[in-house]
Amino acid sequence: MSQQAAVFLGALLLGVVLGCLYDFFRITRLAFVLPSLVVLVEDLLFFLFSSVILFSYLLRVSDGQVRVFILLGAVLGWAGYYFTLGRVVMAFSGAIIQFVKKVIGWVLRPVRWLWGLITQFRARLAQKAAAGGRKLKNGLKNRMSMMYNEKKRKKQLRAQQKAQAAARAEDGERTVGPMAKTAAKTKRKSSMDAVLKLLTLALLILLAVFLVRTSLSFAEMDRALEDVDAQIEQQKLVNKDMELTLRDSETYWERRARELDFAYPGEDVWVFDGADGN
């Protein structure tokens, strides 16, 4: 198997793994009713995580250079899982959710039992406190009667004021109409969704630009390293040629012979013995 085929199969497997991870989010959305904002944040986090994993794979197999066949392999792996095994998993998602709930219930059974004991203890304390409160209330009933009547009068006055304010507000709402209020609320919600979608799209574009620029930087560094390696190899060849040239010259061999204490006929050779040169 060639290296490119192995890299392509690795990208396929990576796409399948990312598809399994995305099914976790889909099953979670079936088990719990989540707001649209939470779903949007989950998709954004999944995209960021997938981008980091894919970029790490590119760094490992191609030194960060973006290869079309690697991206195609990851997309095909994800799509293949989504339309085959993903459908089977989602078909059994209800059974999976029930199984997980049963396991969680079994694990939390001791906690529920302990919470029941705590609740019973609190109920007994509340009954005793209520009995003591009734005794205290009977003792202070006459003393609190006048204060209660005064509070009742103030309460009735506040209730009348609230009723008048509510009547005025109701008259104002009738002029606006319930349809207009519903339309305004729907418009605000649509505007918020549009803003969130635009922000998500902007973040995705920025992330894509960052990945492309980083990949181009790595590619440029690779080309620079290749140029340096080529220069080093060329200099090695030059050095080798110079060494061969020196070996062919008489000066080189004469220097080598004198290092071995050889001399021309008729020359006197002086040998110095001792550290002081005598």
- Message: Given 10 °C and 1.306 mPa s, compute D for the range 1-74 with the Stokes-Einstein relation, Rh being the Kirkwood radius over Cα pairs; round to the nearest whole µm²/s.
- Response: 117
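At a threshold of 8 angstrom on Cα-Cα distance, excluding pairs fewer than six apart, so keeping six or more, what relative contact order does the range 1-107 reach in percent?
On the way: 61 pairs, mean separation 54.1, N = 107.
The value is 51 percent.
If R₀ is 45 angstrom, what is the calculated FRET efficiency for the pair LEU44 and ALA224, using the beta carbon separation as r and rounding to 0.05?
On the way: r = 35 Å, r/R0 = 0.79.
Computed FRET efficiency for LEU44 and ALA224 comes out at 0.80.
Could you work out how much longer the chain between ARG87 and ARG67 gets when fully extended? Use 0.36 nm per residue separation minus the Cα distance between them, nm to one decimal. Could the numbers behind the result be given before it?
Numbers: separation 20, 0.36 × 20 = 7.20 nm, distance 2.95 nm.
Gain on stretching ARG87 to ARG67: 4.2 nm.
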- Note on the structure: Under the rule rounded for a/c under 1.5, else prolate if a/b exceeds b/c, else oblate, using alpha carbon gyration tensor axes a ≥ b ≥ c, the range 1-138 is classed as prolate
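Taking neighbour counts of Cβ atoms within 10 Å as a proxy for exposure, in what order, fewest first, do GLU259, GLU243 appear?
Fewest-to-most ranking of GLU259, GLU243: GLU259, GLU243.
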- Query: Quick one: length gained pulling ILE53 to TYR252 fully straight, 0.36 nm per residue minus the C-alpha distance?
  - Reply: 65.7 nm
- Query: Based on the Cα coordinates of the range 28-69, what is the per residue volume of their convex hull in Å³?
  - Reply: 89
- Note on the structure: A correct fewest-to-most ranking of ARG153, ARG26 by other Cβ atoms within 10 Å would be ARG153, ARG26
- What are the chymotrypsin sites (Phe, Trp or Tyr not before Pro) within the range 28-70 that DSSP puts in a loop, where the Cβ has at most 12 other Cβ atoms within 10 Å? PHE32
- A chain fully extended from LEU30 to LEU114 at 0.36 nm per residue, minus the present Cα-Cα distance, gains in nm 27.2 nm
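None of the figures in this text is laboratory data; all of them are computed from the coordinates on show. Remember, predicted model here, so these are calculated numbers, not experimental data. Note: ideal-geometry Cβ built from the backbone for every residue, glycine included; neighbour counts use all protein chains shown.
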